[in-house]
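Take a look at the structure below.
The values are calculated or read from the model by the stated rules, or taken from the named source; none is laboratory data. Nothing here was measured: the structure is a model prediction, and the numbers come from that model. Heads up, the Cβs are rebuilt from the backbone with ideal geometry, glycines too, and the neighbour counts pull from every protein chain shown.
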Amino acid sequence: GQFEMMNLYNSLFSQQDISASQLLVTQADFADASRLKNLTYSIDRLLGLGIVPIINENDAVSANTGYTSDEIFSDNDSLAALCARSFGAEVILLLTDVQGVYDKSPVEFPKEAKLLSVYTESQKVEIGTKSAQGRGGMASKIEAALSAVKPGSKCSACVIAAGSNLQSIRAVLGHEPWPEAIGTLFCTPGSQLEQQAIKELKEKEITQNEGGSNVSDEARSKALAARAEARKLQAMPYEMRQKILNAIATELEERQEELLKVNSIDVEKAETDGINLVLRKRLKLTPSKLATLASGLRQIASKPDCCGVVQAKRELSEGLILQQVTVPIGVLMIIFESRPDSMPQISALALASGNGLLLKGGKEAVNSNAAIHRVIGDAIEKGSEGAISRDIIGLVTSRGQVADMLCLDDVIDLVIPRGSNALVSYIKANTRIPVLGHADGVCHVYIDESAEDADAACKIVVDAKTDYPSACNAMETLLLHKSTVKGMAMSILMALRAAGVKCLGGPSAMKLGLCDIAAVEMKCEYGDLTCMVEVVESMDAAIDWIHAYGSGHTECIVCDEKSSVGDEFLRRVDSACVFKNASTRFSDGFRFGLGAEVGISTGRIHARGPVGVEGLLTTKWQLWSESGINYVGEFGGENPSKMYTHKELM
């Protein structure tokens, strides 16, 4: 059994280029100080070499026929807790066949059982019948969890979650915040973590008790209101939408001081709460950001009406005309983190395309979001002279889970997530509503052997990395042709380092001594002044690298203007945006002349790249008889009275 199990582990881990090892232990390995020291050293060495240790009880040596309360461990749960304490783990994750710890058995009481998001010893939990398989059960998991986080242990947290949920490990142990709480959390009694968890739990309960409704109820109500107002707007002349957009631009400029003052409250709180620098930069509003937003909104307003545009038109039969026209998608839901400046952009594109809009922002920008939504709402009612209500754009403020909103597939037509990789991945995996967006922004700049102007190459690379390091279109990987290593490459690396960029080396770059520190991952969105550098044999190798480790976002080649490799690169690279001798930072809705963008899509269906107004439209078919009536029976049978012509009219 052990041999087959390790074969399975090896085959699965090897798909990710990770080695696994097995350690079989007995109680004596933990009871004897010398043996425990040796075991700890072995674990540290394996982890240091990037090898995943898989620990099991050595049943053949233990030969236990029964366990008592005196045993050091009696099942995998208690063994896991013992390992966490002995090896200095910070967090332990115990996977089971239910979502977490319930106040009573969810199997025996499926309708009454309540999932506990935080466990405290004062809570009463009724344990159901133990599974016939194994020695564990929920009682042993609770006991193991409490043992792992007991005072004095370096392990401060334990989560019991469902093994059937493929997102459990990423949600609990991933680097990025997860949108929804997973499982049941155990904390060291009296710790700051436990106090914070209990505080957040009480706040959530108070909100639910006072409000009497949850986030999905609020979202549903606002989505229906947004659809009603959007249909009213669609029935009005296009000039009405233009007036509203220009009114929003003016309002943003005139109320700039108010918005910056409110935004400073969120920024200060983010610094106090220790939110990382990347998110804080995205959170901060500036006069230049607001000026760019106002300019973008006026640019959108100046464009022709995007609705009702005829895409195809043909005569089916004499006097029977068919045409396909553009129409709004319906109600859009945008879930975004940190970036309050995305709200005016998204709102403008939704209004220009005649869509209703539902917004759910992150708690870190709660004051900024409310202020901007208020300004936009005032402008909508002022610009339309009261004909359109501010309800066309709803801001969901309930402290609920994103998961509740993702169930509203009957009232929401499209979800556009704007935020971290974790947010986008979670939304894609947990809704039936179509999702438009991208999870990663791993962009490459490739310096070809034909590139001769070192100064120009330096300017493009430095701009792509440093203009806005946390943007999704910032360069994350620099690929150098091998012929540039002794020449231009050194100038480029010096320019990056002079700009404060930390350069990590890929395998070939490390061998050639271009970097001091090796990159851990070949595909990584750093989001700060860090990038990876790698050396490739040819443009073919560069393209292969991009396809293997890129995210399909934006790629750039720096080459001689007259060389054919530039056009070949543009043609062959499979990404949403591919550039020649231009910074990846140009991958932006405003810079593309779209006025603004709701996001950048790396998908292949409906919209790709920066998504402007056109990405928020769908089509419908219109069929009419120019004289008399038409019915299918006239076109069939042995002696049809009418014939199809299928003549293209445009």
Test result for ILE427, more than 21 Å from ALA541 (Cα to Cα), within 20 Å of the chain's Cα centre (by Cα) and not in a strand (DSSP E or B) | yes
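Which one of ILE393, ILE416, ILE376 is more than 25 Å from the chain's Cα centre (by Cα), buried (at least 18 other Cβ atoms within 10 Å of the Cβ) and not assigned by TED's automatic domain parsing to the domain that holds ASN473?
Numbers: ILE393 fails: more than 25 Å from the chain's Cα centre (by Cα); ILE416 fails: more than 25 Å from the chain's Cα centre (by Cα).
Step by step, each of ILE393, ILE416, ILE376 is checked, and only ILE376 is more than 25 Å from the chain's Cα centre (by Cα), buried (at least 18 other Cβ atoms within 10 Å of the Cβ) and not assigned by TED's automatic domain parsing to the domain that holds ASN473.
May I ask you to verify whether ILE198 is out of contact with any Cys (no Cβ under 9 Å at 6 or more places or on another chain) and either modelled with pLDDT of 80 or more or in a loop (DSSP other than H, G, I, E, B) (or both)?
It is false that ILE198 is out of contact with any Cys (no Cβ under 9 Å at 6 or more places or on another chain) and either modelled with pLDDT of 80 or more or in a loop (DSSP other than H, G, I, E, B) (or both).
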Out of GLU57, GLU4, GLU71, sole residue that is at pLDDT below 90 and under 26 Å from GLN167 (Cα atoms) | GLU4
When region 110-124 is examined, which residues are found to be of a type outside the set (Ser, Thr, Tyr) and either outside the structural domain of SER191 (by TED's automatic domain parsing) or within 12 Å of GLY100 (Cα to Cα) (or both)?
-> ALA113, LYS114, LEU115, LEU116, VAL118
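In region 622-650, what residues are touching a residue at least 40 places away in the same chain (Cβ under 8 Å) and assigned to a loop (DSSP other than H, G, I, E, B)? Steps first, please.
As a first pass, look at region 622-650 and keep what is touching a residue at least 40 places away in the same chain (Cβ under 8 Å): 622-628, 630, 635, 642-650.
Listed by number, the residues that qualify are GLU626, SER627, GLY628, ASN630, LYS642, MET643, TYR644, THR645, HIS646, LEU649, MET650.
Counting just the residues of region 597-650 that are acidic (Asp, Glu) and farther than 24 Å from ALA474 by Cα, which one comes out surrounded by the fewest Cβ atoms within 10 Å (Cβ to Cβ)? Show your work before the answer.
Of the residues in region 597-650, the ones acidic (Asp, Glu) are 597, 614, 626, 634, 638, 648.
Among the residues that remain, those that are also farther than 24 Å from ALA474 by Cα are: 614, 626, 634, 638, 648.
Working: GLU614: 13, GLU626: 10, GLU634: 14, GLU638: 4, GLU648: 8.
Among those residues, the one meeting the criterion is GLU638.
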What's the number of the condition ASP467 fails, among (1) among the acidic types (Asp, Glu); (2) over 31 Å from the mean Cα position of the chain (by Cα); (3) over 21 Å from ILE543 (Cβ atoms)?
-> (2)
Do any helices (runs of 4 or more DSSP H) entirely within region 450-557 hold 1 or more residues that are aromatic (Phe, Trp, Tyr) and out of contact with any helix residue (DSSP H, G or I) (no Cβ under 8 Å at 6 or more places or on another chain), and if so, which?
-> 539-549
Mind counting the residues in region 588-614 that are among the small types (Gly, Ala, Ser) and in contact with a His (Cβ under 7 Å, 6 or more places away or on another chain)?
-> 1
Scanning region 574-596 for residues that are of a type in the set (Val, Ile, Thr) and surrounded by 23 or more Cβ atoms within 10 Å (Cβ to Cβ) gives THR584
In region 3-38, which residues are touching an Asp or Glu at 6+ places or on another chain (Cβ under 9 Å) and touching a residue at least 40 places away in the same chain (Cβ under 8 Å)?
-> VAL25, GLN27, LEU36
Would you mind stating whether VAL366 is assigned by TED's automatic domain parsing to the domain that holds LEU224, within 28 Å of LYS261 (Cβ to Cβ) and at pLDDT 95 or above?
-> no
So which residues in region 238-266 are among the aliphatic types (A, V, I, L, M) and more than 18 Å from ALA301 (Cα to Cα)?
-> LEU259, LEU260, VAL262, ILE265
Considering each of LEU233, LEU259 in turn, give the residue that is in contact with a helix residue (DSSP H, G or I) (Cβ under 7 Å, 6 or more places away or on another chain) and within 22 Å of ALA370 (Cβ to Cβ).
-> LEU259
